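> Let me give you the structure first, and then I'll get to my questions.
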Amino acid sequence: MIKDLLGFMLRAAVVLTGTAFITFALLWNAPGDPAQAIAMARYDALLTEEVIALIREEAGLNAGFWAAFFSWVGPLVVLDFGRSAVSGQEVLPSLLAAIFYTFPLAMAGLAVGTIISLPLAILATKKPGGLFDRIAIAIASLGAAIPAYWLGLLLILFFAVQTGWLPAMGARTPTHAILPALTLGLGVAASLTRIIRSGILEARRQPFLPAIKRRGVSSKAIGRDHVAPHAAIPVVTLFGLELAFLLEGTVMVEVIFGRPGLGTLLVTAIETRDFPLVQAVVILTALVFVTVNLAIDIVYRLIDPRIGEPDA
């Protein structure tokens, strides 16, 4: 177990370091003058060469790529994200405030997707190849094919513009989260429905199940003790990855629905070339992926203790 934990920590360090380097390199080599973008965002006025030069010196843009990279990544080791190049405020409070909006929305989208996909997949497997099974597959395929931004606009058009039932923009009340959560959840439901359905059908085809039935074990017990654990392994993988991807998916959804959060924060930071803020959001996202992978490994071992055991 200790060996596995050390291996995980090594992989996590490599992923986070690589993510930090690639993000910094992309920002550094992006077209345009980052000092001018920062100055425009900070002062919102006509700028002189002196002001731009001052911003360039203040942001460390004159130091060169490697010097600027190591000056940023060094404090990051102790979770010091530095200060925003635009506002001058510490990045961490802004990051935590954005998470307060994004994480509940991601969890709501995951809940919507689970509530839709679980009964749909179970009903579809009652009679594989039947009418309801084909309908479930068609719904899942349609949900996977529709882009989130287009679905979000359709929901706004119907529920906010045409009927006025739900608000479209902002995050002032819980009702403001309904349409964004539906936009995220319907995409999740499409993926989960197909994986849960396939997992259940695959588990029912296991060669040992007929022998268990001949021993007089009830169908309910077989489903609970044998089919469900076997089908849960691919579902756990997708469930964890969907949670991580939802935190990224909220970038577009938050922009569409005018919600504050990591997505809006990231888009604004990219537009203003706010290096510390962009990298903080990206590093946080990478950290979520790493943590989710660890959680998936742990859940695997709880579902099937044979996973991770050395081969005989």
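The values are calculated or read from the model by the stated rules, or taken from the named source; none is laboratory data. These figures come from a predicted structure and were not determined experimentally. When we count neighbours, we look across all protein chains shown, and the Cβ atoms used for this are built from the backbone with ideal geometry, even at glycine. These area figures cover heavy atoms from the full protein model, side chains too; ligands, DNA and RNA do not enter into them. Shrake-Rupley method; radii C 1.70, N 1.55, O 1.52, S 1.80 Å.
> Given a 1.4 Å probe and the protein chains all in place, what does the accessible area of S71 round to, in Å² to the nearest 10?
Approximately 80 Å² for this residue.
> Another question about this same structure. If the viscosity is 0.692 mPa s and the temperature 37 °C, what translational diffusion coefficient in µm²/s does Stokes-Einstein give for the range 2-76 when Rh comes from Kirkwood over Cα pairs?
On the way: Rh = 14.5 Å.
Reported coefficient: 226 µm²/s.
> Additional query: Tell me, what is the FRET efficiency for A145 and E50 to the nearest 0.05, using R0 = 45 angstrom and their Cβ-Cβ distance as r?
Using R0 = 45 Å, I get an efficiency of 0.25.
> Per 5 Å bin from zero, what fraction in whole % of the C-alpha pairs of the range 1-154 is there, up to the bin with the longest pair?
Reading the bins upward from 0: 1, 7, 9, 12, 11, 11, 11, 10, 9, 7, 5, 4, 2, 1, 0.
> While we're on this one: Could you list, bin by bin from short to long, the percent of Cα-Cα pairs of the range 165-215 in 10 Å steps?
The calculated distribution, bin by bin, is 21, 25, 19, 16, 12, 7.
> For the peptides 194-206, 175-187, what is the packing order when you average, over each peptide's residues, the other Cβ atoms within 10 Å and list the highest mean first?
My ranking of the peptides, most packed first, is 175-187, 194-206.
> Obtain the nm distance between the two label points defined at T291 and L10 by a simple spin-label model: each point lies 7 Å from its Cα along the Cα-to-C-beta direction.
My value for the distance between the label points is 2.5 nm.
> Please state the relative contact order of the range 2-76 as a whole percent: Cα pairs under 8 Å, 6+ residues apart?
Reported relative contact order: 27 percent.
> Same structure, new question: Just in the range 45-152: which trypsin sites (Lys or Arg not before Pro) are loop by DSSP and have at most 11 other Cβ atoms within 10 Å?
Loop-located and lightly packed - K126.
> What nm value, rounded to one decimal, do you get for the distance between L166 and W28 when each label is placed 7 Å out toward the C-beta?
4.4
> Something else now. What is the ratio of the Cα radius of gyration of the range 252-297 to 2.2 N^0.38 Å, with N the residue count, to two decimals? Please report the intermediate quantities before stating the final value.
Numbers: Rg = 12.6 Å, N = 46, 2.2 N^0.38 = 9.4 Å.
So the Cα radius of gyration is 1.33 times the expected 2.2 N^0.38 Å.
> Further, regarding this structure: Quick check: at a probe of 1.4 Å, how many percent of the accessible area of the range 2-76 sits on carbon and sulfur atoms?
Exposed carbon and sulfur together represent 69 percent of the surface.
> On the full set of protein chains, 1.4 Å probe, figure out the accessible area of M9 and give it in Å² to the nearest 10.
110
> Another question, if that's okay. Can you give me the solvent accessible area of V14 with a 1.4 Å probe, rounded to the nearest 10 Å²?
Number for this one is 90 Å².
> Enumerate the lysines that K220 could reach by cross-link, defined here as Cα to Cα under 27 Å, with residues fewer than 8 away along the same chain left out.
Leaving aside lysines fewer than 8 places away in the same chain, those within reach of K220 are K126, K127.
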